[in-house]
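What follows is a set of notes on a single structure, which appears directly below.
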Amino acid sequence: MKIEDYNPDWVREFQQEKARIVEVLKNYSLCVEHIGSTSVKGLGAKSILDIMAASNI
């Protein structure tokens, strides 16, 4: 996999994936965050979204 220029669509893609995660796990109190290089505006990255979900308890 190659490093790509920053893609502003990564933010939208994360929001879509976050919504799917929250819907599936709606019975849990979760914090879902976009982490890793694709979450840093302006930074080149491999085009794989890193997402962390953790309990809010």
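No lab work stands behind these numbers, since they all come straight from the coordinates. No experiment lies behind these values; they were computed from the predicted model shown. Please note: Cβ atoms are built from the backbone with ideal geometry, for glycine as well, and neighbour counts cover all protein chains shown.
Tabulated data for the structure shown
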read-out: Sites Ile57 and Lys2 - FRET efficiency at Förster radius 35 Å, r taken between beta-carbons, to 0.05; value: 0.30
read-out: Whole-Hz ³J(HN,Hα) from phi, Karplus 6.51 cos²θ - 1.76 cosθ + 1.60, for the stretch 3-8, glycine and proline x; value: 6, 10, 4, 3, 10, x
read-out: Whole-Hz ³J(HN,Hα) from phi, Karplus 6.51 cos²θ - 1.76 cosθ + 1.60, for the stretch 40-51, glycine and proline x; value: 9, 4, x, 8, x, 6, 5, 7, 10, 7, 9, 10
read-out: Hits among lysines - C-alpha to C-alpha of Lys18 under 24 Å, sequence gap 8 or more where chains match; value: Lys26, Lys41, Lys46
read-out: Angle between the chain longest axis and helix 9-24 axis [Cα atoms, degrees, rounded to 10]; value: 20 degrees
read-out: Under-5 Å amide H pairs with Leu30, H placed in peptide plane, nonlocal only; value: Asn56
read-out: Computed over the chain: relative contact order in percent, which uses C-alpha pairs under 8 Å that are six or more apart; value: 43 percent
read-out: At most 14 other Cβ within 10 Å, DSSP loop - trypsin sites (Lys or Arg not before Pro), the stretch 1-34; value: Lys2, Lys26
read-out: Loop sites in the chain: chymotrypsin sites (Phe, Trp or Tyr not before Pro), DSSP, at most 15 other Cβ within 10 Å; value: Tyr6, Tyr28
read-out: Chain lengthening between Arg12 and Leu25 when straightened (0.36 nm per residue, less Cα-Cα); value: 2.7 nm
read-out: The chain, helix-only ellipticity at 222 nm - DSSP H runs n ≥ 4, -39,500 (n - 2.57), divided by all residues, nearest 500; value: -9500 deg cm²/dmol
read-out: Whole-number D in µm²/s for the chain (Stokes-Einstein; Kirkwood sum over Cα pairs; 4 °C, 1.567 mPa s); value: 107 µm²/s
